[in-house]
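Worksheet: one structure, shown below.
The values are calculated or read from the model by the stated rules, or taken from the named source; none is laboratory data. Since we're looking at a predicted model, the values are computed, not measured. As a convention, Cβ positions derive from the backbone with ideal geometry for all residues, glycine included, and neighbour counts pool all protein chains shown. Accessible surface is based on the protein model in full, side chains and every heavy atom, while ligands, DNA and RNA are left aside. Shrake-Rupley method; radii C 1.70, N 1.55, O 1.52, S 1.80 Å.
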Amino acid sequence: MSAVSGFIKYSMFIFNFIFWICGCVILGVSIYARVSKHGEELINEETSGVDIFAAVNLLIAVGTIIMVLGFLGCCGAMKESRCMLLLFFISLLLIAILQIVAGILGIVYKSKIEESFKKNFQEQVEILDQDGTEYETFKNDLDAFQKKFKCCGLINGAADWGKNFDKYSASCECTNITNTNDVCVSYMGKQVYKETCGDYIINFLKKNLVVVAGVAFGVAVIEMLGLVFSMVLYCQIGKK
């Protein structure tokens, strides 16, 4: 084996071993959070009762895929198996293509996604002014959200609460605010937060879009390295 082939082989192994460990960690933590009583308590505590098990299930799937790919890459490199390397290359290429498609769709439909959020918020606003025990969970969740993130209502601010405003006004009221004119507005004789929770959520997503794009770019670079290493090693083994 030439020095170049040896370097590519062990680089490929190290790269995929780290990849495999990351997959194992993601999978292990996700399964623990999904099935353990303590993990469920932590999720409920951190999200103020909001159900995020769908996100945990997604992480389980992602961790499994990463672990399998890492295993294929490691075994393919050390055993010099062209079949495993080719399977690793095709799988990683498909994932990279899906990421690119998702990125393009995200850019193209960015405005439509924002409109979809606002439409959903508008439907939820109708719940705030209604009575009934079936709506209490949502109202209490929004009440906790308002208090934690210093916002009020979903679309029209405090007015969204309608006749229920007095019951949930405490979480809307400005407390320990120096410049009340900048972040507060008067409503029914009380100083409440000017920013709506709907705007807060949308602005939060926009602010973190750069971070998401940076992470996606970093992952894409790692995937490209994996594709290059696997194909070069595949070709080197074929020449023997």
query = Would you say N156 is surrounded by fewer than 16 Cβ atoms within 10 Å (Cβ to Cβ), of a type in the set (S, T, N, Q) and modelled with pLDDT of 85 or more?
reply = yes
inquiry  = I need the full set of residues from the stretch 141-157 which are in a helix (DSSP H, G or I) and on the phi < 0 side of the Ramachandran plot, in order please.
reply    = D141, L142, D143, A144, F145, Q146, K147, K148, F149
key: Any pair with Cβ under 6 angstrom, 6 or more apart, that starts in the stretch 66-91 at a residue that is acidic (D, E) and ends at one that is part of a helix (DSSP H, G or I)   = E80/I237
ask   = S36 fails exactly one of the following numbered conditions: (1) modelled with pLDDT of 75 or more; (2) open to solvent by less than 40 Å² (accessible area, probe 1.4 Å). What is the number of that condition?
value = (1)
request  = Take the residues in the stretch 168-181 that are out of contact with any strand residue (DSSP E or B) (no Cβ under 9 Å at 6 or more places or on another chain) and not hydroxyl-bearing (S, T, Y), then tell me which one is surrounded by the most Cβ atoms within 10 Å (Cβ to Cβ).
outcome  = A170
query = Could you list, in sequence order, the residues of the stretch 55-99 that are over 14 Å from V219 (Cβ atoms), at pLDDT 80 or above and surrounded by fewer than 14 Cβ atoms within 10 Å (Cβ to Cβ)?
reply = A61, K79, C83, I90, L94
query = Restricting the stretch 100-118 to residues that are among the basic types (K, R) and more than 25 Å from C184 (Cβ to Cβ), which is surrounded by the fewest Cβ atoms within 10 Å (Cβ to Cβ)?
reply = K112
message = Looking at the stretch 124-134 only, could you name the residues that are closer than 12 Å to W161 by Cβ, assigned to a helix (DSSP H, G or I) and open to solvent by 60 Å² or more (accessible area, probe 1.4 Å)?
response = E126
Top-ranked residue in the stretch 182-198 [being without any contact (Cβ under 8 Å) to a residue 12 or more places away in the chain and assigned to a strand (DSSP E or B); ranked as surrounded by the fewest Cβ atoms within 10 Å (Cβ to Cβ)] = S186
remark   = For the stretch 114-131, pairs from a residue that is farther than 17 Å from D199 by Cβ to a residue that is of a type outside the set (G, A, S), with Cβ under 7 Å and 6 or more apart or across chains, are I127/Y135; I127/F138; D129/W161; D129/K163; D129/N164
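Quick one: would you say I107 is more than 26 Å from K206 (Cβ to Cβ), within 22 Å of the chain's Cα centre (by Cα) and in a helix (DSSP H, G or I)?
So I107 does not fit the description; no.
Which is out of contact with any Phe, Trp or Tyr (no Cβ under 7 Å at 6 or more places or on another chain), in a helix (DSSP H, G or I), of a type in the set (F, W, Y) and exposed (fewer than 15 other Cβ atoms within 10 Å of the Cβ), of F121, F138, F165?
Values: F121 fails: exposed (fewer than 15 other Cβ atoms within 10 Å of the Cβ); F165 fails: exposed (fewer than 15 other Cβ atoms within 10 Å of the Cβ).
Going through F121, F138, F165 in turn, the sole match is F138.
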ask   = If S230 passes every condition in (1) outside any helix (DSSP H, G or I); (2) buried (at least 18 other Cβ atoms within 10 Å of the Cβ) but one, which one does it miss?
value = (1)
